[in-house]
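Before any comments, here is the structure.
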Amino acid sequence: MSMAEPFTFSVDLAVVESLGINLYSNAAAVLSELVANAWDADANKVSIEWGDNGDEIMIEDDGVGMTREELNERYLTVAYKKRDREGKISPRHNRPFMGRKGIGKLSVFSLAGEVEVYSAKDGERNGFRIKLNELKQSIAEKKRYHPTPVEIPEDFPAEGTRIVLRELNRKRTGVSVTALRRRIARRFDVLGYADDDPARFVIEIDGRPVTYEDREDLKRLEYIWQLGTDEIAASDTPNAKRRWVIADNAVDSTRGWQLEGWFGTVRKPDELNDPEDTQESLRNIIILARRRPIQEGILDQLDFNKIFGSYVTGQIRAEFLDLDDGSDDIATSDRQRLIEDDERVKLLVAKLRECFNSAAQQWSDERPKQKFIELTDRYPVVREWVEDRPDSQRTAAQKLISTVAALQLDDEEQRPQLYKSSILAFERMALDATTRELEKFADGLYAVDILPLLANARSYEDALYVQILRSRLEAIEKLEHMINKDELEKVLQKHLFENMWLLDPSWEGATGDADMEISLSRIRKGLLFGKSEEENQKQGRIDIQYRTAAGVHMIVELKKYGRKTTVDELREQGAKYHEALSEVIRKRGEPVKNISLVFVLGQEPDAGYLGGRDLADVIARQLEHINGRVLYYDELLATAQKRYKDYRDKKSDTTKLDAILRVLDSED
């Protein structure tokens with residue numbers, strides 16, 4: 001071995017840091033690069049020995065392996081252009097190569113400080129070790145780095161490659177085997193080969209093959225949409241209530257560009273979370289090309305129903321994003337994003353937006369029907385009430401109850417009271433309403449169409465309920481429309497400040513104080529609390545207002561939806577607001593207490609390197625001394641529906657209706 005040409009690794013330190021150590025934030029992304037290498041090497045099996053608490057990770061494949069010359073020319077050469085040098089497909093199984101940039105090999109340095117590589121081919125068996133600290137030192141001293149040759153293990157086969165990672169970064173490898181299996185299963189479309197297929201490709205983790213069962217997303221789906229064809233077996237989606245096929249899956253029919261795969265929704269948003277894996281949520285659409293991820297954050301680029309988006313997950317194939325036709329490589333180095341101004345990406349986003357908007361409407365129509373069916377088991381008395389309605393009222397009654405059944409509530413104990421209020425209002429309205437008016441319920445349950453009918457309720461108690469329900473539903477609908485249409489300027493400012501309960505349920509009666517705002521403005525000479533358009537543009541905000549309720553002094557700043565900010569900036573701004581408000585309160589002769597600061601944002605603030613900490617915890621600690629907090633526009637929709645108060649209605653002791661209401665009261 002000493003007579004042979006030494007192993008040589010030529011690379012710049014900046015490249016190692018930007019494309020290796022700092023580029024990948026989780027183990028699954030790194031292992032995906034090594035699995036892709038095994039695929040390109042015509043392996044039938046790649047094995048990952050993980051272990052939750054081991055000192056090393058081993059990845060081994062039974063592919064074609066590499067000679068000593070190939071190790072130097074391919075593995076130890078950064079940015080080796082595989083498709084330019086070796087063609088478009090693998091020689092043994094004719095697989096389209098997954099690799100393209102030649103930088104995936106650097107990813108291992110984000111997990112390990114020591115890497116051993118063994119490879120065998122054509123009777124040659126070679127191995128070497130790279131120590132990251134030695135590599136850095138050689139680069140710093142402007143020396144060529146020669147990996148240390150190592151003896152080949154006795155159990156190493158005659159063909160294939162083995163990579164051993166040691167000196168592990170446990171912050172990035174601290175993920176359970178179950179979570180790792182799920183992440184890998186979602187990142188590759190190679191799990192459908194038959195066991196006797198000569199071209200099969202099996203991914204094993206700790207001796208057990210990764211299968212569709214490991215994905216878990218399919219098993220959690222309540223509704224599923226497939227693009228082009230019905231390819232997902234019903235047995236893989238045991239909880240799906242309904243399946244759709246989107247036949248028009250063409251992105252550009254003249255060039256044969258199309259989408260395949262699926263997306264779906266779960267029953268509740270928290271079903272997309274997993275306590276075993278806090279780093280990665282299933283709320284994501286992974287875009288694949290050549291059977292591996294090319295984009296993992298596409299949801300943020302789509303303008304569609306935000307409520308629907310909080311339930312969605314999926315895996316979509318878009319082969320036109322990675323073609324061997326001379327077109328540009330549009331994937332970023334970490335395969336998390338695509339170059340957004342490329343024509344292919346624009347067409348992808350437009351088609352996905354079209355599909356998602358259509359699916360969101362189907363979901364909105366279908367989900368209340370399904371929830372009504374489920375309702376019959378838990379609240380049979382409500383079903384009986386619907387069935388007892390006259391023929392002219394039954395459809396409208398079912399539509400009303402179905403919509404209440406579909407509301408996502410934090411506390412299920414609130415639902416009986418919502419049923420009760422809805423039934424009582426419907427009964428009172430039905431005394432006077434015509435059949436034609438009641439049929440409006442069946443045409444689409446929206447506050448603007450239905451709630452005015454409820455206003456015909458005659459008793460004071462009924463009218464009060466209608467008024468509260470109308471204001472709540474219309475406020476939520478209006479907020480949803482503004483966010484969906486990105487109308488987040490002056491009209492949103494007015495809406496939120498007129499409906500402070502959307503920010504906090506205890507701020508129902510919050511009022512302004514012109515004298516207080518004048519005093520605040522004077523303290524900072526009109527700049528800190530100034531309302532000029534120039535100052536608002538500078539701060540990237542829509543408006544800032546003072547409000548008070550129940551003895552609490554509140555300052556609320558609405559940032560523009562697209563405004564990017566940092567935790568440090570919020571802390572600095574909040575301190576100025578708190579100081580100014582404290583000074584005004586002192587001058588009024590009042591005790592300085594009960595000050596609350598709220599920033600409403602569209603984007604999460606940048607907190608720098610979190611080091612495993614939760615962003616919400618970092619924000620809370622940074623703003624704790626000024627009693628500050630951060631809210632997000634999209635979250636307002638998700639939480640608004642949780643904030644209905646108990647609505648009490650007048651009832652008669654002698655009617656059948658009262659018996660239904662008593663049953664619902666007992667469910668509280």
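The values are calculated or read from the model by the stated rules, or taken from the named source; none is laboratory data. Fair warning: this is a prediction, and the values are worked out from it, not measured in the lab. With ideal geometry, Cβ positions are generated from the backbone for all residues, glycine too; neighbour counts draw on all protein chains shown.
Can you tell me which of (1) modelled with pLDDT of 85 or more; (2) under 38 Å from the mean Cα position of the chain (by Cα) is the one LYS101 doesn't meet?
Status for LYS101: all satisfied but (1).
From the residues in segment 13-56 that are charged (D, E, K, R) and part of a loop (DSSP other than H, G, I, E, B), which one is modelled with the lowest pLDDT? Show your work before the answer.
Initially, segment 13-56 is screened for residues charged (D, E, K, R), giving 17, 33, 40, 42, 45, 49, 52, 55-56.
Filter again for part of a loop (DSSP other than H, G, I, E, B), leaving 42, 52, 55.
Working: ASP42: 96, ASP52: 65, ASP55: 84.
Of everything passing the filter in segment 13-56, ASP52 is modelled with the lowest pLDDT.
Quick check, is ALA194 assigned by TED's automatic domain parsing to the domain that holds LYS136 and either touching a Ser or Thr at 6+ places or on another chain (Cβ under 8 Å) or touching a residue at least 12 places away in the same chain (Cβ under 8 Å) (or both)?
no
Test ILE286 against the criterion of being surrounded by 19 or more Cβ atoms within 10 Å (Cβ to Cβ) and in contact with a Pro (Cβ under 7 Å, 6 or more places away or on another chain), and give yes or no.
Considered against the rule, which asks whether it is surrounded by 19 or more Cβ atoms within 10 Å (Cβ to Cβ) and in contact with a Pro (Cβ under 7 Å, 6 or more places away or on another chain), ILE286 comes out as yes.
Residues checked against (1) closer than 19 Å to MET98 by Cβ; (2) assigned to a loop (DSSP other than H, G, I, E, B):
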| site | (1), (2) |
| --- | --- |
| LYS171 | no, no |
| VAL175 | no, yes |
| THR178 | no, no |
| ARG181 | no, no |
| ILE184 | yes, no |
| VAL190 | yes, yes |
| ALA194 | no, yes |
| ASP197 | yes, yes |
| ARG200 | yes, yes |
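Taking segment 222-249 as the region of interest, how many residues are part of a loop (DSSP other than H, G, I, E, B), more than 22 Å from ALA406 (Cβ to Cβ) and either polar (S, T, N, Q) or over 23 Å from the mean Cα position of the chain (by Cα) (or both)?
Looking only at that region, the number is 8.
Just wondering, is there one or more residues in segment 388-396 that are more than 23 Å from SER666 (Cα to Cα), in contact (Cβ under 8 Å) with a residue 12 or more places away in the chain and surrounded by fewer than 17 Cβ atoms within 10 Å (Cβ to Cβ)?
Yes; the residues of segment 388-396 include at least one that is more than 23 Å from SER666 (Cα to Cα), in contact (Cβ under 8 Å) with a residue 12 or more places away in the chain and surrounded by fewer than 17 Cβ atoms within 10 Å (Cβ to Cβ).
Could you check segment 112-130 and list, in sequence order, the residues that are in contact (Cβ under 8 Å) with a residue 24 or more places away in the chain, assigned to a strand (DSSP E or B) and charged (D, E, K, R)?
Across segment 112-130, the qualifying residues are GLU114, GLU116, LYS121, GLU124, ARG125.
Residue by residue through segment 57-87, note down the ones that are of a type outside the set (Val, Ile, Thr) and modelled with pLDDT of 90 or more.
Correct list: MET58, GLU60, ASP61, ASP62, GLY63, GLY65, MET66, ARG68, GLU69, GLU70, LEU71.
Could you pull out the residue among VAL630, VAL663 that is in contact with a Pro (Cβ under 9 Å, 6 or more places away or on another chain), in a helix (DSSP H, G or I) and either modelled with pLDDT of 85 or more or among the aliphatic types (A, V, I, L, M) (or both)? Give the steps one after another, and end with the answer.
Values: VAL630 fails: in a helix (DSSP H, G or I).
So the residue among VAL630, VAL663 that is in contact with a Pro (Cβ under 9 Å, 6 or more places away or on another chain), in a helix (DSSP H, G or I) and either modelled with pLDDT of 85 or more or among the aliphatic types (A, V, I, L, M) (or both) is VAL663.
Could you list, in sequence order, the residues of segment 608-619 that are out of contact with any Asp or Glu (no Cβ under 8 Å at 6 or more places or on another chain) and either surrounded by fewer than 16 Cβ atoms within 10 Å (Cβ to Cβ) or outside the structural domain of LYS564 (by TED's automatic domain parsing) (or both)?
Scanning segment 608-619 gives GLY608, TYR609, LEU610, GLY611, GLY612, ARG613, ASP614, ALA616, ASP617.
Can you list residue pairs whose Cβ atoms sit under 8 Å apart, with the first residue in segment 66-89 being under 19 Å from ALA38 (Cβ atoms) and the second being of a type in the set (Val, Ile, Thr) and not in a helix (DSSP H, G or I)? Count only pairs 6 or more apart in sequence or on different chains.
Within 8 Å, the pairs are MET66/THR161; LEU71/VAL117; TYR75/VAL117; LEU76/THR8.
For residues in segment 92-123 being among the acidic types (Asp, Glu) and buried (at least 17 other Cβ atoms within 10 Å of the Cβ), which is nearest to GLY174 (Cα to Cα)?
Filtering first and then ranking leaves GLU114.
Looking at GLU590, is it in a loop (DSSP other than H, G, I, E, B), of a type outside the set (Ser, Thr, Tyr) and under 30 Å from VAL175 (Cα atoms)?
Taking the combined requirement at face value, the residue does not satisfy it.
Of all residues in segment 346-369 being over 19 Å from GLY309 (Cβ atoms) and in contact (Cβ under 8 Å) with a residue 12 or more places away in the chain, which is surrounded by the most Cβ atoms within 10 Å (Cβ to Cβ)?
Let us first name the residues in segment 346-369 that are over 19 Å from GLY309 (Cβ atoms), namely 346-347, 369.
Now restrict to residues that are in contact (Cβ under 8 Å) with a residue 12 or more places away in the chain: 347, 369.
On the way: LEU347: 17, LYS369: 15.
Looking at residues that are over 19 Å from GLY309 (Cβ atoms) and in contact (Cβ under 8 Å) with a residue 12 or more places away in the chain, I get LEU347.
Checking the condition modelled with pLDDT of 80 or more and assigned by TED's automatic domain parsing to the domain that holds TRP257, which residue from VAL381, VAL349, VAL386 passes?
That would be VAL349, the only listed residue that is modelled with pLDDT of 80 or more and assigned by TED's automatic domain parsing to the domain that holds TRP257.
For ARG92, state whether it is in the same structural domain as PHE201 (by TED's automatic domain parsing), basic (Lys, Arg) and in a loop (DSSP other than H, G, I, E, B).
yes
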